[in-house]
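Here's the structure we're looking at; comments come further down.
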Protein chains: 2
Amino acid sequence: MQIMTDLKSAGYRLTQSRAAVVRIIDEADGWLRPEQVHSQAKKYCPSIGLVTVYRTLALLVEHGYIRRIHFDDKCHGYARVELSHGHHLVCRGCKQTIEIAGTEDLKPLMKQVQNETGFVIEDHLLELVGLCRECQHIPT
Amino acid sequence: MQIMTDLKSAGYRLTQSRAAVVRIIDEADGWLRPEQVHSQAKKYCPSIGLVTVYRTLALLVEHGYIRRIHFDDKCHGYARVELSHGHHLVCRGCKQTIEIAGTEDLKPLMKQVQNETGFVIEDHLLELVGLCRECQHIPT
DNA sequence: GTGAATGCAAACTATTTGCAAAGGT
DNA sequence: ACCTTTGCAAATAGTTTGCATTCAC
């Protein structure tokens, strides 16, 4: 729960709701939608409201503890960041999200792109979507 | 307007609205939000409704003519696909979107990930965000 | 003429904001 | 006790759906 300590030193209060959200994210195998975080967080903080979940997720994103997951459809989810600026691999079947160490592999590509385009690249997002071993029977 | 021919052979009708949306996307330098496509498409089809824009965008995505752009915040945009499954580079300042030929560079990484995780990777999304030459004066 | 496509309004989903009450320090 | 944080309700933003009308073929 390093994040809780970090938040405390940043001047935030250690509330039940925040602890509950962090705990749910920690326990999750993959990514969760805000609504899922909410219903699960009630386990540890029965009175928690969905609004607080949104606010806490925003706080955790801001502090780099979790990351937003984007899909081709409209749904957004959140997953814990394991490796600084790693990329992620999402299973289309069971939704588990695995962080993959990645920036290094992209360095040459990014350098090449900067040279060719004159852009200064500030950030990048690499998302691989597929099926994990257990979900490979699922049709396309 | 290859896409219009394609749609026709797929059995879709060549309507004013569809032509207007395609034309706006073609003329755009970068990505556009549905609302922007709508207001600009009125130039060519004054009666077009936002709903039709959404429906047409979905059709064009389905046929691989455009791609959804995801940002860290909630806004989704659409940009033309120039290169089959290329990745894209988005300018944070002026929003221009450049397609970069890319799958090749990721092949080794994807192969490695498949071996290490047992996943079958079906799709990937690489988005580089930065500032183009003209926008580099903009603060972070 | 016929059925696909459209536009409108209304429904819906996801997220954010205002504000009084509760809780952490 | 003070001031942040919370929960509720309501507001908002983005997108989708139902249905009568319009338009491409």
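The values are calculated or read from the model by the stated rules, or taken from the named source; none is laboratory data. Nothing here was measured: the structure is a model prediction, and the numbers come from that model. Note that we place each Cβ from the backbone using ideal geometry, even for glycine, and neighbour counts take in every protein chain shown. Ligands, DNA and RNA are excluded from the accessible area calculation, which covers all protein heavy atoms including side chains. Shrake-Rupley method; radii C 1.70, N 1.55, O 1.52, S 1.80 Å.
Being over 19 Å from residue A:98 (Cα atoms), of a type in the set (Lys, Arg) and either over 13 Å from the mean Cα position of the chain (by Cα) or within 13 Å of DNA strand D (Cβ to nearest atom) (or both), is that true of even one residue in the range A:9-27? It would help to see each step written out before you state the result.
Restricting attention to the range A:9-27, the residues satisfying the condition of being over 19 Å from residue A:98 (Cα atoms) are A:9-21.
After this cut, where a residue has to be of a type in the set (Lys, Arg) as well, the list is A:13, A:18.
Now narrow it down to the ones that are either over 13 Å from the mean Cα position of the chain (by Cα) or within 13 Å of DNA strand D (Cβ to nearest atom) (or both): A:13, A:18.
Yes, the range A:9-27 contains at least one residue that is over 19 Å from residue A:98 (Cα atoms), of a type in the set (Lys, Arg) and either over 13 Å from the mean Cα position of the chain (by Cα) or within 13 Å of DNA strand D (Cβ to nearest atom) (or both).
Being surrounded by fewer than 16 Cβ atoms within 10 Å (Cβ to Cβ) and in a loop (DSSP other than H, G, I, E, B) is the filter here, so list the residues in the range B:19-32 that pass it. Quick ask: steps written out before the conclusion?
Looking only at the range B:19-32, we keep the residues that are surrounded by fewer than 16 Cβ atoms within 10 Å (Cβ to Cβ), and these are B:26-27, B:29.
Answer for the range B:19-32, where residues must be surrounded by fewer than 16 Cβ atoms within 10 Å (Cβ to Cβ) and in a loop (DSSP other than H, G, I, E, B): just B:29.
Of the numbered conditions (1) open to solvent by less than 60 Å² (accessible area, probe 1.4 Å); (2) modelled with pLDDT of 75 or more; (3) part of a strand (DSSP E or B), residue B:68 satisfies every one except a single condition; which is it?
The one condition residue B:68 does not meet is (1).
Can you pull out every residue in the range B:35-51 that is part of a helix (DSSP H, G or I), farther than 25 Å from residue B:131 by Cβ and within 9 Å of DNA strand D (Cβ to nearest atom)? Show your work before the answer.
At the first step, the residues of the range B:35-51 found to be part of a helix (DSSP H, G or I) are B:35-41, B:50-51.
Still in the list and also farther than 25 Å from residue B:131 by Cβ: B:38-39, B:41, B:50-51.
B:50, B:51 - these are the residues of the range B:35-51 that are part of a helix (DSSP H, G or I), farther than 25 Å from residue B:131 by Cβ and within 9 Å of DNA strand D (Cβ to nearest atom).
Keeping to the range A:52-70, report how many residues are within 12 Å of DNA strand C (Cβ to nearest atom) and within 14 Å of chain B (Cβ to nearest Cβ). It would help to see each step written out before you state the result.
First, pick out the residues of the range A:52-70 that are within 12 Å of DNA strand C (Cβ to nearest atom): A:52-59, A:61-62, A:68-70.
Retained after the next criterion (residues that are within 14 Å of chain B (Cβ to nearest Cβ)): A:54, A:57-58, A:61-62, A:68-70.
Of the residues in the range A:52-70, 8 are within 12 Å of DNA strand C (Cβ to nearest atom) and within 14 Å of chain B (Cβ to nearest Cβ).
So that you can scan it fast, the table gives a plain yes or no per residue for (1) modelled with pLDDT of 75 or more; (2) open to solvent by less than 50 Å² (accessible area, probe 1.4 Å); (3) within 12 Å of chain A (Cβ to nearest Cβ):
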| position | (1), (2), (3) |
| --- | --- |
| B:50 | yes, no, no |
| B:93 | no, yes, yes |
| B:101 | no, no, yes |
| B:110 | yes, yes, yes |
| B:116 | yes, no, yes |
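Would you tally the residues in the range A:1-17 being closer than 21 Å to residue A:40 by Cβ, within 12 Å of DNA strand C (Cβ to nearest atom) and not in a loop (DSSP other than H, G, I, E, B)?
Going through the range A:1-17 one residue at a time, the tally reaches 4.
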